[in-house]
Amino acid sequence: MRIGLLFTIIIFTIVPSLSMSAQRDSAIIRNSGSTNTSGYTITVWSDATGSVEVAGKIDSSFVLPGDLNARFFTELHAASASTDAAPEHHCMKSASFGTRTTVQWHGWNSPDLQCPPLSPSLGALASDVNAIESAAGISGGPHRIGLPPSLRKIPPATPEVQPT
């Protein structure tokens with residue numbers, strides 16, 4: 001009888017802890033976009049995988065180098081726990097072209113990582129975010145929103161001559 005009880009206690013204490021250790025952690029990098037650019041969302045997982053969502057649909061998946069992934073989560077923990085990262089300041093940006101890049105992790109929201117001067121912990125996090133954007137294929141700059149084909153007008157090769 002005691003062996004059965006002991007076995008039950010072991011099962012109910014060990015199995016939940018094993019399943020909890022197998023869970024992946026994640027963080028979300030968001031770029032707001034602007035009037036002329038699409039925003040994007042990058043989800044980064046602790047197993048070094050990630051995905052990019054542009055205009056509400058998954059655009060691509062990627063794998064980060066292990067050292068970048070580990071550094072990102074370490075810097076993220078440091079920035080979220082740091083008292084020097086708490087106050088948010090605003091920087092001047094164009095109303096039409098300015099974007100905002102933030103990170104969300106375990107209920108913590110970073111300030112805009114595009115607004116210097118950043119604290120040392122936020123500066124390190126911003127550097128990691130730039131590297132992750134490059135690894136995700138976003139390093140080429142903003143995602144421009146193109147005009148639908150029906151609204152595009154291609155200028156004629158030669159100017160039209162009006163009769164006089």
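The table for this structure:
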{"read-out": "Near pairs, Cβ below 8 angstrom, 6+ apart or cross-chain, from segment 114-128 (more than 14 Å from ALA78 (Cα to Cα)) to any residue that is among the aliphatic types (A, V, I, L, M) and crowded, with 18+ Cβ neighbours inside 10 Å", "value": "GLN114/ALA126"}
{"read-out": "Subset of segment 115-160 (residues that are of a type in the set (S, T, N, Q), farther than 18 Å from SER80 by Cβ and at pLDDT 60 or above)", "value": "ASN130, SER134, SER139, THR158"}
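The values are calculated or read from the model by the stated rules, or taken from the named source; none is laboratory data. Bear in mind that the values here come from a model prediction, so they are computed numbers and not experimental data. All Cβ positions, even for glycine, are placed from backbone atoms using ideal geometry, and neighbour counts span all protein chains on display.
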